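What follows is a short report on a single structure.
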Amino acid sequence: METLGRVPDLAYHRVRFTHDPRREVLWRSLCRYYFDHLVAPADCVLELGCGYGHFINNIKCGKKMAIDEYPEVLTYLDPGIVARIGKVTNLDFVPDRSVDFVFASNLFEHLNQADFATTLGEIKRTLNPRGTLNILQPNYRLAFKEYFDDYTHVSVYSDISLCDFLSANGFQILERRPGFLPLTVKSRWPVSPVLIKLYLTSPVKPFAKQMFIRAVVG
């Protein structure tokens, strides 16, 4: 589930975060069977660190916005998406209180805490009063053995510490799922829409090392 995009070094995308068609199957299924149910048809969705665009291209909503440092990101995004190449610490292309759903997958472990706090300030400015921040990323408590296999990881968060950091920066936690999804698509298991649907609905989630956190400004 490596959905990163903030590292501008093209070598990273050739070595660690190569384009993989299995991610398209994964994210199309995740949106269809889970994330689409959290978004209203007229909502504005903003993705931070959109990588190859798998989430933002597939989510069903009224308006789509995305940002990433990857210089080639625009070649992967569907027409009509309001996109910016740049740092997530600066969301000046997004109007105040205009976003209903902010999504970040496998992003904040790549930011130091000062940049994370700055980004949260920008998110608070852009979210409307009913808007939510939605975070999917590795849970160190469950993925400590693999956490630093990615050489661009600079910050460590568990579901507890991430929720505490959000609370310290003016957010209220709506939902905390310590083990939500497996860590990566790079495994011996097939990436199948049927299996993904069954996994999402199952109370038992083997190999789930990614957490999912939902929060509101509060």
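The values are calculated or read from the model by the stated rules, or taken from the named source; none is laboratory data. Computed from a prediction, not measured in an experiment: that's the story for all the values here. FYI the Cβ positions are ideal-geometry reconstructions off the backbone, even for glycines, and counts take in every protein chain you see.
Worth pointing out:
- Residue check for P41: part of a loop (DSSP other than H, G, I, E, B), surrounded by fewer than 23 Cβ atoms within 10 Å (Cβ to Cβ) and modelled with pLDDT under 95: no
- Qualifying residue in the stretch 54-61 (condition: at pLDDT below 95, within 27 Å of D149 (Cβ to Cβ), touching a strand residue (DSSP E or B) at 6+ places or on another chain (Cβ under 6 Å) and crowded, with 18+ Cβ neighbours inside 10 Å): no
- Residues of the stretch 116-136 that are among the aliphatic types (A, V, I, L, M) and either touching a strand residue (DSSP E or B) at 6+ places or on another chain (Cβ under 8 Å) or on the phi > 0 side of the Ramachandran plot (or both): L120, I123, L127, L133, I135, L136.
- Just one of the numbered conditions (1) in a helix (DSSP H, G or I); (2) in contact with a Gly (Cβ under 7 Å, 6 or more places away or on another chain); (3) more than 21 Å from G170 (Cβ to Cβ) is not true of Y70: (1).
- Lone unmet requirement of (1) surrounded by fewer than 15 Cβ atoms within 10 Å (Cβ to Cβ); (2) in contact with a Ser or Thr (Cβ under 8 Å, 6 or more places away or on another chain) for A114: (2)
- Yes/no for T152 being surrounded by fewer than 16 Cβ atoms within 10 Å (Cβ to Cβ), of a type in the set (V, I, T), touching a residue at least 60 places away in the same chain (Cβ under 8 Å) and outside any helix (DSSP H, G or I): yes
- Annotation: of all residues in the stretch 74-110 being within 25 Å of L174 (Cα to Cα) and charged (D, E, K, R), the one that is surrounded by the fewest Cβ atoms within 10 Å (Cβ to Cβ) is D96.
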